[in-house]
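Worksheet: the structure to be examined is printed underneath.
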Amino acid sequence: MSRLQYQREADMLGPIAEAVRLLVGAQSSSRIFFEVPTASGIPDIVVADLNESAITKRIERGLSPVVDLPGVSVLRAIQHRYRMTQTTSDIADIREFVGLSRRYLTTKVLPELVQGGHIDQVGKTDWAPTHAISSPAKKIYTIEVKVKDWRAGYNQALRHKISADRSWLVIDANRTTTVSAHHHWFKDAALGLATLDTVGGVCRLIAPQGHPSTGNVYRELLAERLFEMATNGVVSGPVRHVFGADLTTTRGPDPRLAGVAAH
């Protein structure tokens, strides 16, 4: 039986979501999201094993998600010295997390963290964390999907890697002729590679390798955005048109449209 080709990436999302455990070994508590912006692009699918206890505690205390990179960076910097009051200069000097000017910190970032309940202002230039933060996500996996042009998919998956614990590229099974000669690219980059067949479903070719992510501000930014989406009952970011074209499914339901964030 000849295999049918997928017409659009959107047509591949539902079958991949249904078979996602074959890729990430997801637990029953894992959540699937679509079109979630990271610091380096928008993966087609994000699978997250959310830290429900941490999220519950945050909600009970009225602590909002921190969904911008400067805010996450500063929050991580403050947590780096938890239980210590820190000056604006102290925070600005923790270059591994922050790298922001003192003016921007005092006029924008720190006041927003105070408003969100994450820190208290103690005096004119001193700040103190209000809680010990736990990541909203135990595990995060990104999945890039391509009908064709696997090289572009490879580059996108590589960029998303910094925001996830493991990253995958899934391509149409009809498009494996050229990618098979470049499996070493995926192994060297610790990326996963799989195919999707209209008949046989998902097939793992190369398993991704984990990469250190504890304390990684890019990963935590994505975790905070997933926290926000989960608490709002949203499963997808905006489904954008590309060059004016509607890129939803050609057949069957589009899983992104079950719960889409407002534009």
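The values are calculated or read from the model by the stated rules, or taken from the named source; none is laboratory data. Everything numeric here is computed off the predicted structure, so don't read it as measured data. We place every Cβ from the backbone using ideal geometry, glycine too, and count neighbours over all the protein chains shown.
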Index of the failed condition, residue 66 passing every other in (1) touching a helix residue (DSSP H, G or I) at 6+ places or on another chain (Cβ under 6 Å); (2) more than 18 Å from residue 217 (Cα to Cα); (3) modelled with pLDDT of 90 or more = (2)
Within segment 94-116, identify whether any single residue is in a loop (DSSP other than H, G, I, E, B) and modelled with pLDDT of 85 or more, and answer yes or no.
-> yes
Would you please list the contacts, defined by Cβ atoms under 6 Å and residues six or more apart or on different chains, that run from a residue in segment 132-155 that is in contact (Cβ under 8 Å) with a residue 12 or more places away in the chain to a residue that is among the hydroxyl-bearing types (Ser, Thr, Tyr) and part of a loop (DSSP other than H, G, I, E, B)?
-> 132/82; 147/6
Consider only pairs whose beta carbons are under 7 Å apart and that are at least six residues apart or on different chains; among these, list those whose first residue lies in segment 226-246 and is aromatic (Phe, Trp, Tyr) and whose second residue is modelled with pLDDT of 65 or more and part of a helix (DSSP H, G or I).
-> 227/55
Total residues in segment 46-68, condition among the hydrophobic types (A, V, I, L, M, F, W, C) and loosely packed, with under 14 Cβ neighbours inside 10 Å | 1
Mind telling me which of the residues 32, 55 ends up being farther than 14 Å from residue 225 by Cβ and not in a loop (DSSP other than H, G, I, E, B)?
-> 32
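The rows are residues; the columns are (1) part of a helix (DSSP H, G or I); (2) buried (at least 19 other Cβ atoms within 10 Å of the Cβ).
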{"residue": "128", "(1), (2)": "no, no"}
{"residue": "132", "(1), (2)": "no, no"}
{"residue": "141", "(1), (2)": "no, yes"}
{"residue": "154", "(1), (2)": "yes, yes"}
{"residue": "168", "(1), (2)": "no, yes"}
{"residue": "171", "(1), (2)": "no, yes"}
{"residue": "176", "(1), (2)": "yes, no"}
{"residue": "187", "(1), (2)": "yes, no"}
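Report whether or not residue 220 is among the acidic types (Asp, Glu) and crowded, with 23+ Cβ neighbours inside 10 Å.
Taking the combined requirement at face value, the residue satisfies it.
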Quickly run through segment 79-90 and pick out the residues that are at pLDDT 80 or above and assigned to a helix (DSSP H, G or I).
-> 88, 89
